[in-house]
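Working notes, beginning with the structure itself.
The values are calculated or read from the model by the stated rules, or taken from the named source; none is laboratory data. In this text the structure is predicted, and so the values were computed from the model without any measurement. Using ideal geometry, Cβ is built from the backbone for each residue, glycine included, and neighbour counts are taken over all protein chains shown. When the accessible area is computed, the model is the full protein with side chains, heavy atoms only, and any ligands, DNA or RNA have been set aside. Shrake-Rupley method; radii C 1.70, N 1.55, O 1.52, S 1.80 Å.
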Amino acid sequence: MKKRVIVTVLMASMLVGCKTASKEEAAIEPEVVSVEEKTEEVDEAEEREDEGVETEESWREAYYDYLTTNEDVAPDETGNHGLQVTMIYLDDDDVPELFIDTGFEAGGEIIATYYDGEVVSYNFPRLGSQYIERSGLVYTNTGHMDYYRLTITKLEDGEFREIGVGLAYLSDADREHMIADENYPYILTYEWEDELVSEEQFNANVAEIYDMEQSVYPEEYVPYDEFLKGLRKEKLEEANY
């Protein structure tokens, strides 16, 4: 009976010793990265790099097709074309937008964005729209002749939508007063989302959704033909865009 107890104790001691040794060996054993794992990491990095190049090539090609085939921007049969184009970062991704100046008030301005493999464009009335970089926001207050429609438009997920609409105008009553009395002040009537508001409230409504201090106009326009050549170059930096 005593022999059995001794044998059992010895076997238990040996097992504990083996477990302890295994833990110690595991603690000092260096981490081994297999060749297969390392190769997979390199392949994934190269894939990400290739995807970036492919994306740039994709949107450049899509913009080229848009500029040469879309009826709003492609040259007409006479060949006359006064368009100027620049690139801006309107929404918050790495693909720039096209900002197109048609060259005449009736044609207005156009912003085109590349989203989900397609080019989506939006026409802004007249000339003089502003934007806040990487916010998606465009401010358009380009009215004339005593009628000033203001819109704040947002580009998000490839869609342009108006998020604020205001109007300032000379009413018929005030116009008649001005005609009858040369000293009558020039007074505009203000509306926001089709409701009459004061000038102060009108400006406050704008400030709630658009920071004029961050607002900028597009710069560095390039003539249409030169811009197309730039899209075909291997790097946009070579075209100074």
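Structural remarks
- In the range 165-198, the residue that is surrounded by the fewest Cβ atoms within 10 Å (Cβ to Cβ) out of those that are part of a helix (DSSP H, G or I) and among the small types (Gly, Ala, Ser) is Ala180.
- Test: residue in the range 61-83 that is within 16 Å of Lys233 (Cα to Cα) and either free of Cβ contacts under 8 Å to residues at least 24 places away in the same chain or of a type in the set (D, E, K, R) (or both): yes
- Taken over the range 94-123, the criterion of being charged (D, E, K, R) and in a strand (DSSP E or B) is satisfied by Glu97, Asp101, Glu109, Glu118.
- Every pair of residues 6+ apart whose Cβ atoms lie under 8 Å, when the first sits in the range 91-102 and is modelled with pLDDT under 95 while the second is open to solvent by less than 20 Å² (accessible area, probe 1.4 Å) and part of a strand (DSSP E or B): Thr102/Glu109; Thr102/Ile110
- Matching residues in the range 144-164 - criterion: being crowded, with 16+ Cβ neighbours inside 10 Å and of a type in the set (Val, Ile, Thr): Thr151, Ile152, Thr153
- Scanning the range 124-143 for residues that are open to solvent by less than 60 Å² (accessible area, probe 1.4 Å), under 18 Å from Glu156 (Cα atoms), out of contact with any Asp or Glu (no Cβ under 7 Å at 6 or more places or on another chain) and assigned to a loop (DSSP other than H, G, I, E, B) turns up just one, Ser135.
- Per the listing Val165, Val197, Val120, Val206, the residue uniquely under 24 Å from Tyr63 (Cα atoms) and at pLDDT 95 or above is Val120.
- Residue match in the range 207-223 (condition: open to solvent by less than 70 Å² (accessible area, probe 1.4 Å), in contact with a helix residue (DSSP H, G or I) (Cβ under 8 Å, 6 or more places away or on another chain), closer than 30 Å to Asp116 by Cβ and polar (S, T, N, Q)): no
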